[in-house]
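Worksheet: the structure to be examined is printed underneath.
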Amino acid sequence: MARAEPPAAAFERRVLRSAAEHHYLRVRLELPDGGARPSVAQFKQLVVSALRELHGEVGAALPVDVLMYEEKTLSAVLRVISSGLVKLWSALTLLGYYQNRRCAFRVLQFWVLKCPVKDAYFFLRRSDFQLLCILVKKSQLQQKLND
Amino acid sequence: MAAPQLRRLGQAPRHLLVCEKGHARHARSRHAAHVRDHAYNCRVSFLIPECGILPEVLKSTVADVGEYYLVRSLPVHELVAQEFIDAFVKKGSCYALSYNTKIDQDNTAALLPNGKLILSVDKDTYEELGLQGRPSQYSGKKVMRYIITIDLTDAGFHPDSKKHNRVLWALKEKKPLEFDFLLAWYTNIGAGGSTLMSYFSKNQIQALKPKITFSTLRDLQCPVLQSNELQGKPDESCSTEELFEWLGAVLNQVSLDNTSSSFLSTYCCPQPNVMVEKAFLCTITGFIIPEKIIQLLEQLCCYFGEPKLAYWLTLTVHGFADSPVSWRESEHGFHKGGENLYNFVIFRNLDYWLQMAGTSRRMPDIYLQRS
């Protein structure tokens with residue numbers, strides 16, 4: 001690291017509006033108790049299959065990185081390119097089964113850069129997508145009633 | 001109809017990253033002002049590469065971050081009472097923030113050090129209260145949330161004034177609001193903790209200490225930075241965005257050495273980088289007031305007073321996701337993540353980079369226009 005010290009920096013400002021290449025999601029997988037917990041590779045496979053189910057082969061090709069995965073709590077940090085955020089989020093929300101067991105993804109947090117927070121549950125929100133799911137379920141119920 | 005829907009699939013929520021560079025010892029440098037403008041901070045962490053043991057001065061600064069207080073079910077009208085204003089608001093910097101309230105669902109309250117009490121309330125509460133406010137920026141076409149700002153240090157806000165009586169009546173009788181509050185008080189004379197304790201002795205008050213953790217990271221890949229190159233140069237130095245992402249990965253203990261063909265993750269440290277044998281990471285969580293962060297920042301600048309191996313160090317500050325304000329008095333909303341944070345990179349020659357992140361409505365215009 002030995003190098004000549006450059007002169008003191010002049011003031012400069014850069015404003016980056018929605019320029020981030022990637023977005024990050026902290027998610028938790030909810031499974032009924034007692035079953036086998038997926039390993040990190042199985043977890044990634046589940047995310048890819050969720051994408052394939054909703055968005056087809058093109059969706060499955062979306063580059064998603066599992067930056068961190070904790071098997072104990074089934075929580076993970078995912079990285080996705082910005083243009084694929086909505087696709088990933090919707091695919092995760094609409095996924096209902098893991099190895100023929102009911103499951104659900106909860107998006108705990110979404111951020112551009114964020115620290116690990118111990119009580120991540122504190123940040124649990126009703127996201128737009130969960131609202132969407134409720135609406136879908138409601139309309140399905142309505143249909144059943146009508147039938 | 002399908003086309004616009006499909007296009008929206010590719011859109012990401014908007015966000016903003018403001019990057020600045022300057023010199024910490026420049027007479028007109030505003031780095032301390034930026035810290036002061038961000039009142040509510042829940043987490044401060046600093047990372048020093050090539051550092052195994054923290055110098056004593058820094059250690060004592062970290063230990064001196066100070067206590068904060070949690071008052072259970074405190075009626076808001078007690079913050080408007082003249083005794084409280086005279087004893088605390090006018091005599092120093094008083095910080096208060098409602099605790100465990102969610103900015104997009106609940107009523108929230110915050111008292112800024114400049115004496116402004118900010119209430120962010122839903123439509124029903126607003127109508128019951130009968131105080132003047134303005135619609136929230138985040139409520140969309142149908143206004144469901146209102147912001148009420150009361151200036152406690154205003155000359156017209158004395159105990160006999162109509163305004164004072166109206167506010168007191170609204171908060172005491174019309175619609176009594178109660179929150180758990182996080183409190184901190186800072187004066188030049190000395191720590192004001194005991195006074196706060198005795199003032200609120202009737203209420204349930206608890207003194208809390210910030211949680212401090214130290215850790216040493218071994219064999220860390222650090223990006224190469226050049227203080228006068230915010231945008232970075234290919235093969236010479238990394239840009240601010242790359243550093244920002246790397247820092248997030250380090251703070252989350254994400255592995256940095258993946259290959260591009262890896263199934264799980266393709267994230268790797270930005271190029272060019274150097275392997276650092278050890279790096280020191282310190283994290284403080286609690287209700288941390290800006291005055292203490294300025295002291296810490298100053299001590300971190302002094303770290304380079306003696307020759308050191310490190311070329312730069314970083315200081316990251318996270319704001320509360322649910323505070324009703326972020327920078328100055330600009331309104332803060334949760335949206336999808338509620339992040340409001342800033343990060344300093346201090347270089348060996350005391351140049352600094354400052355990165356401020358949030359969604360674009362959250363930062364006062366002054367930060368965006370001045371260039």
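The values are calculated or read from the model by the stated rules, or taken from the named source; none is laboratory data. Just so it is clear, the structure is predicted and the values come from calculations on it, not from any experiment. Neighbour counts are summed over all protein chains in view; Cβ atoms, including those assigned to glycine, are modelled from backbone coordinates with ideal geometry. Remember, those area values only see protein heavy atoms, side chains included, never the ligands or the DNA or RNA. Shrake-Rupley method; radii C 1.70, N 1.55, O 1.52, S 1.80 Å.
Brief remarks on what is shown
- Figure legend. Inter-residue proximity from the stretch A:20-31: first residues in a loop (DSSP other than H, G, I, E, B), second residues of a type in the set (Asp, Glu), beta-carbon distance below 9 Å, spacing 6+ or different chains. Indicated pairs: A:20/B:241; A:20/B:245; A:21/B:241; A:21/B:245.
- Residue satisfying all of: in the stretch B:98-143; within 14 Å of chain A (Cβ to nearest Cβ) and open to solvent by 80 Å² or more (accessible area, probe 1.4 Å); farthest from residue B:185 (Cα to Cα) among these: B:105
- In this entry, residue B:171 is excluded by the filter for residues that are closer than 27 Å to residue B:291 by Cα and touching a strand residue (DSSP E or B) at 6+ places or on another chain (Cβ under 8 Å).
- Selection status of residue B:176, in contact (Cβ under 8 Å) with a residue 24 or more places away in the chain, out of contact with any Cys (no Cβ under 7 Å at 6 or more places or on another chain), over 22 Å from residue B:287 (Cα atoms) and not aliphatic (A, V, I, L, M): yes
- Flag if residue B:295 is open to solvent by 60 Å² or more (accessible area, probe 1.4 Å), outside any loop (DSSP other than H, G, I, E, B) and under 25 Å from residue B:25 (Cβ atoms): yes
- Single residue of B:345, B:276 found to be outside any helix (DSSP H, G or I), modelled with pLDDT of 85 or more and surrounded by fewer than 22 Cβ atoms within 10 Å (Cβ to Cβ): B:276
- Of the residues making up the stretch B:298-310, those that are open to solvent by less than 10 Å² (accessible area, probe 1.4 Å) and outside any helix (DSSP H, G or I) number 1.
- Condition check for residue B:221: under 22 Å from residue B:46 (Cβ atoms), assigned to a loop (DSSP other than H, G, I, E, B), modelled with pLDDT of 85 or more and open to solvent by 20 Å² or more (accessible area, probe 1.4 Å): no
- Of note, residue B:232 satisfies the criterion of being on the phi > 0 side of the Ramachandran plot, within 14 Å of chain A (Cβ to nearest Cβ) and buried (at least 20 other Cβ atoms within 10 Å of the Cβ).
- In the set (1) under 24 Å from residue B:115 (Cα atoms); (2) modelled with pLDDT of 80 or more, residue B:189 fails one condition alone, (2).
- Tally of residues being polar (S, T, N, Q), on the phi < 0 side of the Ramachandran plot and part of a loop (DSSP other than H, G, I, E, B) across the stretch B:235-258: 4
- With respect to (1) in contact with a Gly (Cβ under 8 Å, 6 or more places away or on another chain); (2) at pLDDT 90 or above, the lone exception for residue B:111 is condition (1).
- Selection within the stretch B:270-293 - within 14 Å of chain A (Cβ to nearest Cβ) and among the aliphatic types (A, V, I, L, M): B:274, B:275, B:276, B:279, B:281, B:284, B:288
- Qualifying positions in the stretch A:51-95 - at the interface with chain B (Cβ under 8 Å from one of its Cβ atoms), part of a helix (DSSP H, G or I) and surrounded by fewer than 16 Cβ atoms within 10 Å (Cβ to Cβ): A:83
- Candidate set: the stretch B:248-269, residues that are farther than 14 Å from residue A:22 by Cα, open to solvent by less than 30 Å² (accessible area, probe 1.4 Å) and of a type outside the set (S, T, N, Q); chosen: the one farthest from the other protein chains (Cβ to nearest Cβ): B:269
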